[in-house]
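The values are calculated or read from the model by the stated rules, or taken from the named source; none is laboratory data. Quick caveat: nothing in here was measured; it's all calculated off a predicted structure. Note: ideal-geometry Cβ built from the backbone for every residue, glycine included; neighbour counts use all protein chains shown. Just the protein is used for accessible areas: all its heavy atoms, side chains included, with ligands, DNA and RNA removed. Shrake-Rupley method; radii C 1.70, N 1.55, O 1.52, S 1.80 Å.
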Amino acid sequence: MHRTKTIIISVIILVFVINVDAREKDLLFSAGAGISYVTIHDNNFSVMSYTGITGLASLSITTETSAYIDELSLFFGKGKLNMDVSSGTARPNTALTAGAIDYTYVRKLKNKTNTHRQFFPGGKFSSSVGFYKRNYYGDNFYYCYQSSIGPALIVHQSIGEKCRWQVSSQVDFSIAAYIVYPAYGSSMPENLLDKELSGITAWDYMAGGEMVTLNRFQRITCKTGISYALCKKLSLMLLYSWDFHHLKHGDDMIQAMHNACFSLILH
Amino acid sequence: MQTVKKLIGLILLLPAILSCEKIFLDDSPENTPMATFEVCWKELDEHYAYFTMKNIHWDSLYHVYKALIYDQMEQYELWDVLHAMLCELHDGHVNLIDGERWSHWSECNGSPRYPEYFDFDLISYSYFKYTLKSSGPLLYGIIDSVGYIYYSSFTMDISDEEIDFVINLFKDMKGIIIDIRNNGGGDSENITRIQSRIVTKKTLVELIYYKTGTGHADFSAAQEVYVSPEGKLQFTGPVVVLTNRYCFSSANMFVSRMSVLPNVNIVGDTTGGGGGKPRFFDLPNGWAVRYSSNYALRPDGLNLENGVPPDFRVTLWPIDKRAGRDTLIEFALLWIYSQ
C-alpha cells in the first residue's frame, strides 16, 4: 500500500521535474463534442448489461515541444441507458453522468529512419467518475470514482508532402488505481459501514476507497484521431476512443465507452 | 490505392473494435423461466437480510419452487410461482416488479389483516371542523392547548422551513400529537427533519447492519445512527406519536427512533414493520425483484422488521367513534395534560 503510494507520488514529481526543460512550446487548445456508445455491466444491481448512446463534450490543453508532449484534458458525458433485454416492462429509466480529468506526459523517441512517424512513450494520470441513477420507486444511485496511473504510448503519423493530415494514436492502461464505489446494500463505500451515520462527510466518502492494482482493476484506453490543418492556427480533428474499466470485487463492474468526437484545435 | 485499401481495412475492423468489451463481459443469462427463477433465488440467497432472524430455510424452498418451473410456462405462470416463493419471506419490502405491476406481501395467502383504528374524516370534522391547515405535507391544528400534526406519507418531503414553522407555532403548547397512522413510509431523511426538532442533545437512535458477504449471517459491525438538534428551536414538552399496523418502512423507523426519546410516548397499535432498506435487482426477463438488504435495531436491541410495539396500546372504540371522538387522541390528550 505504502509502496504503491510512494511510486505514484514519485512518478508525478518526476513528470513535473522533466517538464522544466521545455523550450520551444507549441500550445494547442481543443474543444470538441460527440457521442458515446456506453455499456455498463454492474452485478451490484443487475445481471443484465445496460447500453445506450450518450452525448459528450471535451476540452483539452496540449503543450508540444521538440522533446515532449503533455496534455490535460477534460471530458463530460451525459445520457440515458437501457437494459439489454428483449421483453419485460420493468426497464428503469437509467441516467448516466460521467466526467474525467486526464493528464498525459510523453517523451519523444528519436526516429531517424522515418521523420513522418514519431513515437512518444510516457505515462498518464486519469481521474474519472461515473454516476448512474435508476428510477424504480424513488431514485437508486450508483457510482464509481477512480484515479489511476499507468504507462502511455502515443504515435504520430504525418500524411502527405505538406503534412496537413496527421493520424495520432494513443494507448494506455493503468497499473495502480484508487477506487471509491458503493458497498452492496448501501450507498456508502464498505469502509464507512461501521462509521457513525450522521458524521459521514463528502471527504469521508473520498477517503473510503481503496488502492487496487492490475489484478483487481483493469483500465485500458485506445484512441485514434485524424486531424487536418486548415491553416497555421486552426485544425479539425475526428477522434475515436475506447475506454474500458473492469473492477473486480464481490460483484464485478464493467464499463466500456466507445467515443466519437469532433474537435476544433487552436494553435 | 494504398490509402483506400487501408481505409477499407479500417472499416472492416470497426465492428470488431466496437464489440471488443464483449470478450470481457460475462454472458448474460438467457431469458428463460428457469434462468429468471435461478437469478431471483440466488440474488435473495446471497443478499436478503432476514433469513437467520426469520428462520427461513431458503435452500429447501429452492427445490420446492424449482419443481414448478418449466420452459414453456407463460409469464403469468412464472409470476405466480416467483410471487409464491417471495411470500415465504413475509416481508412488505419484498416485491416482484413488472413495470407498473408490483406483487405485495399483503396479497399472499396467510397474510394477516388488521383493523386501522383510524378515521381521518372523523378527526378533521370532530376536532377541527375541517379547518386543518397545511405546512407542506404536514396538516396541523390545535386541540385546546395541544398541537396536532398529521403526516400521511414520508414520500412527501418536508422542508426545514415547513417543520420549523409548525414547531414555532406550537412552542407554547402543553404538548404535541404527531399522528402517522396509515403512513406507508418513504424517505428516511424526513424522519431526521422532524426528530431533530424534538431532541435536545445528540442521541443514539438506531443501529444498522449491512450485508458484507454472501452468507446468511455475513453482516458488518453496527453503524450507529444519531440525531442531533437542528432548526430554529426544539420542542421539549411531551410528545405523543399515534400509530397503527399500517405504519410501514420509514414510518416504522420513525416510531422506533422517536420511542427512544424520554419525552415521547407511542400510543396506538404495533407498527407494520419493514426494517430493512429495500434494494432492486434486475431479472433476465426484464422484471425486477425488490428486497430488504440490511437490518436495523433499536439501541435496546428491538429488531424493527416485525414492528414497534406502542408504550400504550389503545384502539379506536366504536362507542367513541359514534360520539365523534378518536380514542387514541383522547388518550394522548389525557397523558399530555397529566405531565
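Annotation note: Cβ proximity below 6 Å between a residue of region A:119-140 that is farther than 10 Å from residue A:172 by Cα and free of Cβ contacts under 8 Å to residues at least 60 places away in the same chain and a residue that is of a type in the set (Phe, Trp, Tyr) and open to solvent by 30 Å² or more (accessible area, probe 1.4 Å) (sequence gap 6+ or interchain) occurs for A:129/A:145; A:131/A:143; A:133/A:141. Take residue B:190 and decide whether it is crowded, with 19+ Cβ neighbours inside 10 Å and within 14 Å of chain A (Cβ to nearest Cβ). When the stated conditions are applied, residue B:190 passes them.
Taken residue by residue, region B:54-72 has at least one member that is modelled with pLDDT of 95 or more and of a type in the set (Asp, Glu). Would a scan of region B:223-230 turn up a residue that is assigned to a loop (DSSP other than H, G, I, E, B), surrounded by fewer than 17 Cβ atoms within 10 Å (Cβ to Cβ) and away from every other protein chain (no Cβ under 13 Å)? No, because not a single residue in region B:223-230 is assigned to a loop (DSSP other than H, G, I, E, B), surrounded by fewer than 17 Cβ atoms within 10 Å (Cβ to Cβ) and away from every other protein chain (no Cβ under 13 Å). Restricting A:205, A:240, A:228, A:178 to residues that are of a type outside the set (A, V, I, L, M, F, W, C), open to solvent by 20 Å² or more (accessible area, probe 1.4 Å), within 22 Å of the chain's Cα centre (by Cα) and closer than 30 Å to residue A:160 by Cα narrows the list to A:240.
Test residue B:224 against the criterion of being without any contact (Cβ under 8 Å) to a residue 24 or more places away in the chain and within 22 Å of the chain's Cα centre (by Cα), and give yes or no.
Details: without any contact (Cβ under 8 Å) to a residue 24 or more places away in the chain: yes; within 22 Å of the chain's Cα centre (by Cα): yes.
Taking the combined requirement at face value, the residue satisfies it.
Filtered by the rule that a residue be assigned to a loop (DSSP other than H, G, I, E, B) and open to solvent by 50 Å² or more (accessible area, probe 1.4 Å), region A:58-78 gives a lone residue, A:66. Selection of region B:90-115 for residues being more than 14 Å from chain A (Cβ to nearest Cβ) and touching a residue at least 60 places away in the same chain (Cβ under 8 Å) yields B:91, B:114, B:115. Could you say whether any residue in region B:66-89 is among the basic types (Lys, Arg) and either within 21 Å of the chain's Cα centre (by Cα) or in a loop (DSSP other than H, G, I, E, B) (or both)? No - not one qualifying residue is present in region B:66-89. Does residue A:146 satisfy the condition of being touching a residue at least 60 places away in the same chain (Cβ under 8 Å) and open to solvent by 20 Å² or more (accessible area, probe 1.4 Å)? Here the answer is no, as residue A:146 does not meet what is asked.
If you scan region B:280-299, which residues turn out to be more than 7 Å from chain A (Cβ to nearest Cβ) and in contact with a Gly (Cβ under 9 Å, 6 or more places away or on another chain)? Passing the criteria: B:283, B:291, B:292, B:295, B:296, B:297. Listed by position, the strands (runs of 3 or more DSSP E) inside region B:91-177 whose residues that are closer than 27 Å to residue B:322 by Cβ and open to solvent by less than 40 Å² (accessible area, probe 1.4 Å) number at least 2 are B:138-143, B:146-151.
What are the residues in region B:55-89 that are touching a residue at least 60 places away in the same chain (Cβ under 8 Å) and more than 14 Å from chain A (Cβ to nearest Cβ), if any? Result: B:58, B:86, B:89. Any residue at all in region A:79-86 that's in contact (Cβ under 8 Å) with a residue 60 or more places away in the chain, at negative phi, open to solvent by less than 20 Å² (accessible area, probe 1.4 Å) and assigned to a strand (DSSP E or B)? No; the residues of region A:79-86 include none that is in contact (Cβ under 8 Å) with a residue 60 or more places away in the chain, at negative phi, open to solvent by less than 20 Å² (accessible area, probe 1.4 Å) and assigned to a strand (DSSP E or B). Could you look through region B:175-193, keep only residues that are among the hydrophobic types (A, V, I, L, M, F, W, C) and more than 17 Å from the chain's Cα centre (by Cα), and pick out the one that is nearest to residue B:50 (Cα to Cα)? Taking the candidates together, the pick is B:178. Among the residues of region A:224-267, those identified as of a type in the set (Ser, Thr, Tyr) and within 11 Å of another protein chain (Cβ to nearest Cβ) are A:224, A:240, A:241. Checked against (1) open to solvent by less than 50 Å² (accessible area, probe 1.4 Å); (2) within 13 Å of chain A (Cβ to nearest Cβ), residue B:241 passes all but condition (2). Taking the criterion of being more than 8 Å from chain A (Cβ to nearest Cβ), more than 12 Å from residue B:296 (Cα to Cα) and in contact with an Asp or Glu (Cβ under 8 Å, 6 or more places away or on another chain), the only residue of region B:198-213 that qualifies is B:204. Applying the criterion of being surrounded by fewer than 22 Cβ atoms within 10 Å (Cβ to Cβ) and hydroxyl-bearing (Ser, Thr, Tyr) to the residues of region B:259-279, the residue that is nearest to the other protein chains (Cβ to nearest Cβ) is B:259.
Per the conditions (1) facing chain B (nearest Cβ under 9 Å); (2) free of Cβ contacts under 8 Å to residues at least 12 places away in the same chain; (3) open to solvent by 60 Å² or more (accessible area, probe 1.4 Å); (4) not basic (Lys, Arg), the sole criterion not satisfied by residue A:183 is (3). Among the residues of region A:186-202, the ones that are of a type in the set (A, V, I, L, M, F, W, C) and either in contact with an Asp or Glu (Cβ under 8 Å, 6 or more places away or on another chain) or buried (at least 16 other Cβ atoms within 10 Å of the Cβ) (or both) come to 4 in all. The set of residues from region B:288-339 being open to solvent by less than 30 Å² (accessible area, probe 1.4 Å), among the aliphatic types (A, V, I, L, M), under 17 Å from residue B:179 (Cα atoms) and in a helix (DSSP H, G or I) comprises B:328, B:329, B:332, B:333, B:336.
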